[in-house]
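Inspection log for the structure reproduced underneath, given as structure tokens.
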């Protein structure tokens, strides 16, 4: 193992890890927004919205994220959408993650006993109030852990933007594998950084999960 | 440049060849991940400590890093140690091992969930430990995990697109090749997405059939 080489190139990997972190945070925010809207659509009382929500989930979970990214980045200009690689990465991955989060959020909402809503309505709360003040606070507790799984997948999925030349961890590893012919060392550098990111995020999710549980 | 889908039929043969490769790679990697998953699960649960612990570390690395990075490691790493495999073989190995680790997690849980009495009864009847595992415990565990493994296999189909990056001419790379000639990325990536979606729907259909059969015979 070539430790000298690893010591020489690791600052570039640290920089790239920062890009991966920023990418993950932005993607997670967009994913949560899309997931919330998707879940709201899937649970809507309007059939059209329910259909659109279901179609969103089915199409974006049913095709490879890489292809979705390519359609947006390479195909976008043909329909008047010009994005740089980083923007396309965040938007493409965010919409994709949103489809998975839709199901997580929806699952947590429908897991709440029907009686809760009925009781809230009986007590005079409006439908919106019942959702906002009774259902959501309870389902938020159920959401934390599965959303953590979504987040874990999302962080690993950010590697895909290497294919559209965003200089994040995987792209950096790929470039140095090409120039140094030391695949194992470069994998180790990038891998350790990914695992640190994922470990810290996992601990954060576990902490939040403990916080929101009622003992 | 507007959209022109009428160009598609001319290049359909290249795309269909890509579909064939995608299906082939997915099936081969799925088989590898299934067999590998069982072997990994047995190692993780029953191997001596000295083998088990490093093995768990490797599993942890596989679950904590992106598949794309692993594909680069396997493809270029094998070349470096003098094993020059065709890209599609490296792709199948990479996909297969990656999902074997995820399948192994499921199978481990399922093996532990098989009633202890099954092992005890098998041992009482004179089967060795290995025999009891192979003939009594594992078949029951595998049955229980077929539905969640189906989900992993659908994920595998979608992740098979990644092997295009190491130069395997499956559906995604075929689309890229055609786009290189036609400069029509939107049309051909949408076409590729449609093919993935259809294969995905077929797999979901098969999965539902199998699940129904399992639930009936229980």
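No value in this document is a laboratory result; all are computed from the given coordinates. Here the structure is a predicted model, which is why all the values come from computation and not from measurement. When we count neighbours, we look across all protein chains shown, and the Cβ atoms used for this are built from the backbone with ideal geometry, even at glycine.
Packing, as the average of other Cβ atoms within 10 Å across residues, places the peptides B:91-98, A:45-52, B:118-125 in the order B:91-98, B:118-125, A:45-52, highest first. Given R0 = 60 Å, the distance between the Cβ atoms of residue A:129 and residue B:13 translates into a calculated FRET efficiency of 0.50. Sorting the segments A:89-96, A:53-60 by their mean number of nearby beta carbons within 10 angstrom, highest to lowest, gives A:89-96, A:53-60.
Inter-chain Cβ neighbour count for B:69-79, averaged per residue, equals 6 (cutoff 10 Å, partner chain atoms only). Neighbouring Cβ atoms from other chains, within 10 Å of the Cβ of residues in A:67-79, number 6 on average. Ratio of Rg to Rh for region A:1-56: 1.44 [Cα atoms; Kirkwood radius as inverse mean 1/r over pairs]. At the listed q of 0.13, 0.20 Å⁻¹, the Debye profile of region A:158-215, built from one uniform point per Cα, gives log10 I(q)/I(0) equal to -0.46, -0.75.
In plain terms, the bigger the Kirkwood radius, the slower the diffusion; for region A:3-212, with that radius from Cα pairs, at 37 °C and 0.692 mPa s, Stokes-Einstein puts D at 173 µm²/s.
For peptide B:186-199, the mean count of partner chain Cβ atoms within 10 Å of a residue's Cβ comes to 5. Region B:78-121 and region B:7-76 have Cα centres lying 8 Å from one another. Computed from Cα atoms, the angle from the helix B:12-46 axis to the main principal axis of chain B rounds to 20 degrees. Site pair residue A:37 and residue B:113 shows an inter-label distance of 3.7 nm when each label is modelled 7 Å from Cα along Cα→Cβ. Judged by the mean number of other Cβ atoms found within 10 Å, the most tightly packed of the peptides B:24-31, B:183-190, B:110-117, A:167-174 leads the ranking A:167-174, B:183-190, B:24-31, B:110-117. Estimated purely from DSSP H runs of n ≥ 4, each contributing -39500 (n - 2.57), the mean residue ellipticity at 222 nm for chain A is -26000 deg cm²/dmol once divided by its residues. Helix A:85-110 axis versus longest C-alpha principal axis of chain A: approximately 30°, rounded to the nearest ten. Using a Gaussian network model of chain B whose springs link C-alpha atoms within less than 10 Å, name the residue from B:52, B:208, B:129 with the highest mean-square fluctuation. Residue with maximal mean-square fluctuation among B:52, B:208, B:129: B:129.
Helix B:138-159 and the longest principal axis of the C-alpha atoms of chain B enclose an angle of approximately 20°.
Sorted from longest to shortest, the spans of the Cα atoms of region B:1-89 along the three principal axes equal 62, 28, 26 Å. Taking the Kirkwood radius as Rh and the Cα radius of gyration as Rg, chain B has a ratio of Rg/Rh equal to 1.07. Model label points for residue B:204 and residue A:213, set 7 angstrom from Cα along the Cα-to-Cβ axis, are 3.3 nm apart. Largest first, the extents of the alpha carbon coordinates of region B:110-218 on the three principal axes equal 69, 31, 15 Å.
Helix-only arithmetic for chain B: the sum of -39500 (n - 2.57) across DSSP H runs with n ≥ 4, divided by the residue total, places the mean residue ellipticity at 222 nm at -27000 deg cm²/dmol. Normalised by 2.2 N^0.38 Å, where N is the number of residues, the C-alpha radius of gyration of the protein assembly as shown stands at 1.06.
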